[in-house]
Amino acid sequence: MAKLSIDLKEGKLKKESDVIIGIDLGTTNSLVAFIKDGDPLAVKDEKGKSSLMPSIVHFQEDNKVIVGEIAKQKLVTDPGNTIYSVKRLMGKAFNDLSGHEDYFGYTIIDDDTESLVKIRVRDSFFSPIELSAEILKGLKARVEQVLDETVTKAVITVPAYFNDTQRQATRDAGKLAGLDVLRIVNEPTAASLAYGIGRKEEEDKTIAVYDLGGGTFDISILSIHDGIFEVLSTNGDTYLGGDDFDRKLIDYWLEQTGLKRSELIEQKDLSQAIRLLAEDAKKQLSFEEHFSGSINGHEVSITRTKFEELIKPLVDTTIDRCKSAMQDAGLTVDKVDHVVMVGGSTRVPLVKETVSAFFGQQVYDKLDPDEVVALGAAIQADILAGNNKDILLLDVTPLSLGIETVGGLMDVIIPRNSKIPVRVGRQYTTSIDGQKNLKVAVYQGERDLVEHNRKLGEFILRGIPPLAAGLPKIEIHFLLDADGILRVKAKELRSGVEQEVEIRSQYGISEEEMAKMLLESIKNAEGDVAIRALLEARNEANNIILSADRFLEQNHAILSEEEISKTIGLAGILREKVNGTDKDAINVAMQNLNDFTNPLAHRAMDKAIASAMKGKKIE
Ligand code: AMP
């Protein structure tokens, strides 16, 4: 039975589609595809030109959001309010980005903590999840335009190396965009499916997926057994791609024309023009032997042979990574049955030849390398929709399972639609000094606050050694067996104390109730994400206030009166904001306190090292 929903913007009834869409949420570009008349189709933009949607979000003066091609045009004119490469920030803390901070032209908050990064746009703070949701909304709108139906279900792809947090972040982004994410699929798995590899159950195969995009390189070695894909190893370089080919070409032309790098830095237009020309040249050289053009009255040219000489070291680097991946998988190249090419940069003939030579076989390159992951995602979606009867659907858990954390937040441990049986472990710690007991409350559901989810049970882990908050290491294990029985175990690793309970997760819940819970979670996604952001900001702020207090106590001697009173003042402002409900105000106050105390903390550290060195003999 088709459902109807009301399109509030256009004020008309829209049919709710049965179609499940496949989404490739990429670093540079994203795509959406679905199965049309039995074949996967990547949906093109309104002009019918390209299926790629730049993964770029721009905030206009009035804070209105635009995405895709029109947002890309703002990269040059308004870089501070134009966010690219959000995927690199998914599920990351600032510390994870060390060494690559300069890569981003917008403001990423360095709060010197382990918590997830935020992006500052004027006086608002956004999580990578919220920004990715904007891209997903853009893709959803694109496909809805073509189908003239509302779509609510999707499969989204992620790199094979994405960890739990990054996968969960991607799911949350989907939810926020109004999508029920049926499954998160590995990009190399999707690419293989697009070529029909692994679609027959009896196949036993080993596959290498070589993915060279604009800014990243990934190699994944997969094995397929009984229709199940397993990632044997992954390797790559998160800062190597076609953009580096462009840079090599620019360097060459600077030499050719006598233009100076400083001229490029000073003249943004010139730098942009040469970058675009280099990319055009590179693309042309994939089909022709020679390119010539002009820049600012200077003639520039290059042959394919010269271009290949320039990029050879980069291509060789990717082969080194392939070697490592093969080694980690414990395989030699002759064991690889197929090699699948993914990403726009695999159109470069030298790349294809080098990869073919390394694996000693023809590579799969008939499909558009930009579209192949999205096409595979659409195929996976179609399998989940039950339209592909010859593929086995594995048993999955229908609702997410997790525990309550500080502030009443739901921390998902087993996401919904995970294949069962499944076992997942995660580490937690205490939030109060000297805490001896920890309540583990287990919930089922998709909402961000546990109060809106279904409580399955709780128990108390007793006998935790009384230590400062954050020191005990408590591992919580969820084991969900094929009958839907969940065993939850909590163990404090230092002392070894442990406690275990068994819960029936599916007991007493009907299909209708489950469907209702899912619907509620999507309807309330925006409010839920806002509350989560507020609670997380409060949490983080409380930790920072605590550290500031401790810091003042321990370092009184090396601080001036003025520094002490300013720190107390800033901490006071933060305390006041924590009691309010404005997460941006909390974030601003937190940043101000951090900015002021960071140099003081470094000074204290230097002093501590200096006094530790005193009295030590240096041999
Ligand atoms: P992706 O991240 O997969 O969208 O890959 C985009 C990258 O592929 C960019 O660096 C493009 O310049 C590059 N690219 C696209 N088409 C070609 C082509 N015909 N020849 C060489 N590189 C290309």
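Tally time: how many residues in the stretch 178-207 are modelled with pLDDT of 95 or more and farther than 18 Å from residue 377 by Cα?
1
Are there any pairs, at least 6 apart or on different chains, whose C-beta atoms fall under 7 Å, with the first in the stretch 342-354 and of a type in the set (A, V, I, L, M, F, W, C) and the second near the ligand (Cβ under 6 Å from one of its atoms) and not in a helix (DSSP H, G or I), and if so, which?
Pairs that qualify, where the first residue is of a type in the set (A, V, I, L, M, F, W, C) and the partner is near the ligand (Cβ under 6 Å from one of its atoms) and not in a helix (DSSP H, G or I), are 348/286.
Go through the stretch 325-350 and give me each residue that's in a helix (DSSP H, G or I), of a type in the set (Ser, Thr, Tyr) and more than 16 Å from the ligand (Cβ to nearest atom). Explain how you work it out, then say what you get.
Residues of the stretch 325-350 that are in a helix (DSSP H, G or I), as a first pass: 325-329, 333-335, 344-347, 349-350.
Of the ones still in play, those that are also of a type in the set (Ser, Thr, Tyr) are 345-346.
None - no residue of the stretch 325-350 is in a helix (DSSP H, G or I), of a type in the set (Ser, Thr, Tyr) and more than 16 Å from the ligand (Cβ to nearest atom), so the list stays empty.
Looking at 270, 254, 222, which one is modelled with pLDDT of 90 or more, outside the structural domain of residue 91 (by TED's automatic domain parsing) and not in a strand (DSSP E or B)? Give the steps one after another, and end with the answer.
Details: 270 fails: modelled with pLDDT of 90 or more; 222 fails: not in a strand (DSSP E or B).
Answer to the check: 254.
Only one of (1) more than 27 Å from residue 226 (Cα to Cα); (2) in a loop (DSSP other than H, G, I, E, B) is not met by residue 353, so which one is it?
Only one criterion is unmet by residue 353, namely (2).
Applying the selection to the stretch 137-156, what residues are over 14 Å from residue 522 (Cα atoms) and under 19 Å from the mean Cα position of the chain (by Cα)?
138, 139, 140, 155, 156
Just to be sure I understand, how many residues within the stretch 62-113 are in contact with a Gly (Cβ under 8 Å, 6 or more places away or on another chain), farther than 30 Å from residue 543 by Cα and not hydroxyl-bearing (Ser, Thr, Tyr)?
Of the residues in that region, 4 qualify.
Any chance the stretch 274-289 includes a residue that's more than 13 Å from the ligand (Cβ to nearest atom), under 26 Å from residue 26 (Cα atoms) and part of a helix (DSSP H, G or I)? Even if it seems obvious, please write down each step before you answer.
Going residue by residue through the stretch 274-289, those that are more than 13 Å from the ligand (Cβ to nearest atom) are 274, 289.
Now restrict to residues that are under 26 Å from residue 26 (Cα atoms): 274.
Right, trim to part of a helix (DSSP H, G or I) and you get 274.
Looking through the stretch 274-289, at least one residue is more than 13 Å from the ligand (Cβ to nearest atom), under 26 Å from residue 26 (Cα atoms) and part of a helix (DSSP H, G or I).
For residues in the stretch 244-256 being among the acidic types (Asp, Glu) and open to solvent by less than 60 Å² (accessible area, probe 1.4 Å), which is nearest to residue 318 (Cα to Cα)? First the steps, then the outcome.
Narrowing the stretch 244-256 to residues among the acidic types (Asp, Glu): 244, 246, 251, 255.
Those left that are additionally open to solvent by less than 60 Å² (accessible area, probe 1.4 Å): 244, 246.
On the way: 244: 13, 246: 17 Å.
This residue is 244.
Could you please tell me which pairs satisfy a Cβ distance under 6 Å, a separation of 6+ or placement on different chains, a first residue in the stretch 291-319 that is in a helix (DSSP H, G or I), and a second residue that is basic (Lys, Arg)?
310/248; 311/248
Sort out which residues of the stretch 424-463 are assigned to a strand (DSSP E or B) and of a type in the set (S, T, N, Q), and write them in order of number. Break it down into steps so the answer makes sense when it comes.
Within the stretch 424-463, the subset assigned to a strand (DSSP E or B) is 424-428, 438-444, 449, 454-461.
Answer for the stretch 424-463, where residues must be assigned to a strand (DSSP E or B) and of a type in the set (S, T, N, Q): 427, 444.
How many residues are within 16 Å of the ligand (Cβ to nearest atom) and open to solvent by less than 30 Å² (accessible area, probe 1.4 Å) when one looks only at the stretch 257-273?
Count: 0.
Every residue, every condition in (1) surrounded by 24 or more Cβ atoms within 10 Å (Cβ to Cβ); (2) among the β-branched types (Val, Ile, Thr), yes or no:
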residue: 150; (1), (2): no, yes
residue: 153; (1), (2): no, no
residue: 167; (1), (2): no, no
residue: 185; (1), (2): yes, yes
residue: 195; (1), (2): no, no
residue: 200; (1), (2): no, no
residue: 204; (1), (2): no, no
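The values are calculated or read from the model by the stated rules, or taken from the named source; none is laboratory data. Fair warning: this is a prediction, and the values are worked out from it, not measured in the lab. With ideal geometry, Cβ positions are generated from the backbone for all residues, glycine too; neighbour counts draw on all protein chains shown. Note: accessible area is taken over every heavy atom of the protein model, side chains too, but ligands, DNA and RNA are not part of it. Shrake-Rupley method; radii C 1.70, N 1.55, O 1.52, S 1.80 Å.
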